[in-house]
Structure formats: C-alpha cells, structure tokens
Amino acid sequence: MVRRRKTGWVVSGLGTLLAVVFAAGPARSEVNVNVNIGPPAVVVAGPPEMIPVQRSMVYFAPGVEVDLFYHAGFWWTPNQGRWFRSRSYDGPWVIIAPRAVPVSIVRVPREYRKIYDHEHRIPYGQLKKHYTTRDRERRERRGEWKEMKKERKEMRKEHRKEGKEERREYGKERGR
C-alpha cells in the first residue's frame with residue numbers, strides 16, 4: 001500500500017508537471033545585443049581645406065566646426081573627452097589613449113582658429129604633398145643646424161687647443 005501511494009504521487013506529480021509545461025504555450029526566446037560605441041568622432045561633408053599651424057607639422061580644418069587636425073598621415077580629433085584617430089578625414093575612427101596623441105597636436109594654441117585663420121589654405125588634394133615638402137624642409141633645416149653646431153664645436157676645440165699652446169709658449173718664455 002505504501003508503494004501504491006508513492007507511485008500515485010509520482011504519477012500525479014509528473015502529470016501535473018507535463019500539464020504545466022504544455023499548457024504554458026509556445027516558448028519565446030530573444031537575443032538582444034547592444035554595443036554602444038557612441039556617435040562618430042567627426043562627420044565631414046566633403047574633403048576639408050587645411051591650414052598649417054606655424055612651427056609644427058600640424059594642420060587644422062578651418063571649415064569644420066569641431067577640432068580636426070592632420071599630422072603624420074593621420075587625422076585626429078577630440079570628442080567627449082576622448083581622442084580619435086583615422087587614416088581618412090571621414091573615418092573610420094578609432095579611440096586613442098591620451099598618451100598616444102602627438103605632443104605637437106596637444107601643444108596647438110587654444111586660440112589657433114583666430115591666430116591662423118588668415119594663413120594660406122591647402123586644398124585637400126595637395127595636403128599630403130604639402131606635408132611631405134614641409135617635413136623635408138624641416139629636416140634640412142635641422143641638418144643645417146646640426147652642421148652649424150658641429151662646426152662651432154670644432155672651432156671651440158681648435159680655439160682651446162691654440163690657447164693651450166699659447167700658455168705653454170708663455171710659460172716657456174717666463175721660465176727662461
């Protein structure tokens with residue numbers, strides 16, 4: 001009798017469970033993946049004209065309302081406290097750590113638009129050529145500067161050598 005009760009409870013439990021499972025209706029499952037990458041760093045309607053920032057290799061786009069810079073083959077822009085970098089002015093943009101932003105971009109004066117707005121504008125199609133030419137000229141000037149520095153160093157060395165010889169001669173004359 002005890003066995004029948006246990007079997008009865010088991011059968012009724014299974015029956016109830018099956019009734020609940022099948023009476024519940026069709027099951028729905030849904031997968032929702034949401035990746036929030038934020039707004040694009042910059043949206044530019046067309047290729048921008050650029051203006052070189054003096055004493056640096058940085059260019060900026062005067063016709064764009066956001067800060068858009070070009071330096072060393074990359075486009076740079078700050079947006080919502082982050083820095084973005086791209087190979088093209090219209091993206092795709094990649095978030096860059098603040099330490100990876102070139103110092104010459106960080107050192108652009110805050111009022112750069114007012115300071116340099118009157119400068120010569122470089123059409124987008126000539127930007128890379130202009131950058132390359134400026135970089136070559138800058139390297140040549142650096143080379144000349146290094147050469148001049150080396151010449152001055154050699155002249156000082158020669159002057160010291162002559163001074164030592166003169167002191168030796170003077171010492172010999174006095175010692176006679």
## Note on the structure
For Ser86, the lone unmet condition from (1) under 16 Å from Ile51 (Cα atoms); (2) surrounded by 10 or more Cβ atoms within 10 Å (Cβ to Cβ) is (1)
### Query
Out of (1) touching a residue at least 60 places away in the same chain (Cβ under 8 Å); (2) outside the structural domain of Tyr70 (by TED's automatic domain parsing); (3) not hydrophobic (A, V, I, L, M, F, W, C), what's the single condition that is false for Arg141?
(1)
### Task
Determine if the stretch 114-122 includes at least one residue that is exposed (fewer than 10 other Cβ atoms within 10 Å of the Cβ) and assigned to a helix (DSSP H, G or I).
yes
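Can you tell me which residue is surrounded by the most Cβ atoms within 10 Å (Cβ to Cβ) among those in the stretch 93-113 that are within 13 Å of the chain's Cα centre (by Cα) and assigned to a loop (DSSP other than H, G, I, E, B)?
From the stretch 93-113, those within 13 Å of the chain's Cα centre (by Cα) are 93-106; that's our starting set.
The next check asks that each one be assigned to a loop (DSSP other than H, G, I, E, B); those that pass are 93, 97, 101-102.
Working: Trp93: 23, Ala97: 8, Val101: 17, Pro102: 16.
Among them, the one singled out is Trp93.
The values are calculated or read from the model by the stated rules, or taken from the named source; none is laboratory data. Keep in mind that what you see is a predicted model, and the values were worked out from it rather than measured. Positions of Cβ are generated from backbone atoms using ideal geometry, with glycine treated the same way; all protein chains shown enter the neighbour counts.
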